[in-house]
Every structure is written in C-alpha cells, then in structure tokens.
Amino acid sequence: MSETAHVLGISFSGNALYYALRPKNETSYLSYIGKADFSFSVLDAFRNADEKLCAHIHRAISRITSGLEADTIRIVSFPQFECWTSLPKIAYDVPAEREAHLKLLAFGLERRNIETTWFETGIQDFRFLCIRDLTMVRMLNACTASFYSTEYCSDFEVGMEWMKLTGNSGSFMALGCGHESISVSSFVLGKLRAATSIRKTRPENLVYAWRQNETSLAWMNGYHDEILLYGPNADLVRNHLAPVLESKAEIRSISTLDEIGVQAAEQTYSFPLQHAFPAIMMAVRQD
C-alpha cells in the first residue's frame, strides 16, 4: 500500500464515473486520472435508491483506491438534488428570515432532510444559497463508507476551484455540460456572482432554453471575458449554443493538462480530459 495519503475527486455523468487522485503532499500533481463505465445511469441509480446498482458504484470506487491510502473523497453532486438561489443578505443574517426562505424553497422536504450551504458573492448585499437533498447524500454515503472524510460539492464550485487554482480574478462564465443538465455559473473579481442549472433538454432546444433563462437571470447576459466549457457534452453544447455564446465572449474548452493547470503521471488518456475536469478540480481542492 502507498504510504502517501491521497485525496480522491469524483464526478458523474450519464453512465460514467470520472476520478482523479492527488497525493496530499502535492498541490496540483495528480497520481491518476481515470474513468469507470457502468451499464446504467448513475443519476437514476441514486434517484431510485437502487441498492444493487449503488453496490456496483461502491465496488468501482474500492477498485480505484485499492493499494492506496485514500482517506478523503470529494464528490460533485447532481444539480437535480439541489436548489440554488441568490438571496438578500438579511435572509442569511436573520434566523427567522432564513428559516422562512428555506421552508419556501425546500417545499415538500422535511428540514432534517436538507443541507444548506451559503456562499459569499461579488454583490455585497447578497448571499448565494445551495440547498441539498440529503436523500442523495445518504445513498452516496453508502458508496463511500470506507473514507474518513467525504465532502459533497455543487457543480458551480468547479469554477470556483479553477479560479483559485489559476488565480483568475477576471470575469468568466463556466458551463458544466453533463448528460443530465448544464450548470451555468458566473464569476467576477475572484468571486461567485450567481449560478443556475438548465435541466436536460433536446440539443436543438438549447438556444430556446438559454434565452428563456436569460429573461429572468440578467447576469447570464452580462459581460464576461471568457466562457469556460467542460464536461462530456461540452462539444455538443458549444456547437448548439454557438449563436448565443460567440457574441458574448471568447469560448474556451479545456483539453490538456496545461490548460487545466495541473501535472499528472500520465500524459495521454482514452477520453478527453474536459470530461474529467470536475473530478480533477475536486482532487486539487485544498482543505
């Protein structure tokens, strides 16, 4: 067994699990980057609480870490199990206001079955809230029971980690292009501005879905220096949203280790690195 402790970063899309392993004594060097394929939708396995399918995921994670001391795992959660919104700072500062908003936003879920995380934003009088359904967390916990520390992160945090890794303090938009949804997040002056998720839609309807979101979310039509695309469907999304995106900013796809800002033991992979970008960002995330 390796004597060096590792951090494991994981992301899911479609029927695939993407992973990256970083030795804890390194900052941006990765021991492994890889992919595990299943014969089923990972999202559906968790959504249906299918213990048999989740057992396959658990075995895949166990094989990935076999022979390694990996005690920390960070997983990109599915937007389908979360609610994201910007709220006035008073909703964060005043307990009564906070609970009133949570009751409204998490309607149908008991308070004990939700987890809340608040983020600072580039707008002083607002905070960004993520509400996570703990039903999904419990299913994932069953897949990661052997880890000392398990952390769940939202898709918009992928852009936050890339910003920290590269020192990007400008204005950029990040599009996480998975099979089930597209996560859209905006960053300005080193801070999160806002984020939203466009749920699964036909590729030919993407422009319509984007325009529909723009009508209620002004920041989506705001100024950005560049637009970062990543995930298994990045090329498809880029092709279909080109009429919208190309007029806004320079479009940037992540396809090499240098472009991501990391080093790795291997230089070539059997899949495009932009597919594993979320997992890589989870692995390099610092405590």
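Throughout, read-outs are computed from the coordinates displayed, never taken from laboratory work. Remember, predicted model here, so these are calculated numbers, not experimental data. Virtual Cβ from ideal backbone geometry, glycine too; neighbours counted across all protein chains shown.
A few notes on this one:
- Per-residue 3J(HN,Hα) values for region 147-153, derived from phi via the Karplus relation 6.51 cos²θ - 1.76 cosθ + 1.60 with θ = phi - 60°, read 8, 5, 10, 10, 10, 10, 10 Hz in sequence order (x marks Gly and Pro).
- Legend: calculated FRET efficiency, S253 to V94, from the Cβ-Cβ distance at R0 = 45 Å, rounded to 0.05, equals 0.55.
- Largest-first ellipsoid semi-axes for region 61-207, taking √(5λ) over the Cα gyration tensor eigenvalues, angstrom: 25, 21, 18
- Modelled spin-label separation between L217 and D235, with each label point placed 7 Å from Cα along the Cα-to-Cβ direction: 2.6 nm.
- Region 131-146 - phi-based ³J(HN,Hα) in whole Hz, Karplus 6.51/-1.76/1.60, Gly and Pro as x: 10, 10, 6, 6, 4, 5, 4, 5, 5, 5, 4, 5, 8, 10, 4, 7
- Three principal axis extents describe the C-alpha atoms of the chain; from largest down they are 52, 43, 36 Å.
- Positive end of the dipole of the chain (Cβ unit charges, origin at the Cα centre): among I131, V188, T166, the Cα lying farthest that way belongs to I131.
- Entry for region 168-253 at q = 0.11, 0.12, 0.13, 0.24 Å⁻¹: log10 I(q)/I(0) = -0.25, -0.30, -0.35, -1.32, Debye formula applied to identical alpha-carbon scatterers, no solvent contribution.
- Amide proton proximity set for I254, modelled H, under 5 Å, gap of 5+: L229
- Peptide packing for 69-80, 245-256 was compared via the average number of neighbouring C-beta atoms within 10 Å per residue; ordered from the highest value, the list is 69-80, 245-256.
- Amide hydrogen neighbours beyond the local backbone of R127, cut-off 5 Å, H modeled: L87, K89
- Residue of F187, F271, F172 that the Gaussian network model of the chain assigns the largest fluctuation, springs spanning Cα pairs under 10 Å: F271
- Other-chain or far-sequence residues with amide H under 5 Å of Q263's (modelled H): Y29, L30
- The helix-based estimate of mean residue ellipticity at 222 nm for the chain, built from -39,500 (n - 2.57) per DSSP H run of four or more residues and divided by its residue count, is -9000 deg cm²/dmol to the nearest 500.
- Cα-based reach from K248 at 17 Å (exclusive), listing aspartates and glutamates while leaving out same-chain residues under 8 positions away: E214, D225, E226
- Once Rg and the Kirkwood radius are both taken over the C-alpha atoms of region 80-133, their ratio Rg/Rh works out to 0.95.
- Calculated FRET efficiency for the pair T85/V207, C-beta based, R₀ 25 Å, to 0.05: 0.55
- FRET efficiency for S270 and R199, using Cβ-Cβ distance with R0 set to 30 Å, rounded to 0.05: 0.55
- Its Cα centre serving as origin, region 168-253 has a Cβ charge dipole (Lys and Arg +1, Asp and Glu -1) of approximately 240 debye.
- Note, ³J(HN,Hα) from phi for region 19-25, Karplus 6.51, -1.76, 1.60, rounded to Hz, x at Gly and Pro: 9, 8, 10, 10, x, 5, 8
- Report note on the peptides 100-111, 5-16: ranked by the mean count of other C-beta atoms within 10 Å, highest first, their order is 5-16, 100-111.
- Candidate cross-link partners of K52 among the lysines, defined by an alpha-carbon separation under 21 Å and a same-chain spacing of 8 or more, comprise K35.
- Residues of type lysines that K103 reaches as a straight line, Cα spacing below 28 Å, ignoring anything fewer than 8 places off in the same chain: K89, K191, K200
- Label-point gap, in nm, between E120 and S146 - each point 7 angstrom along Cα→Cβ: 3.9 nm
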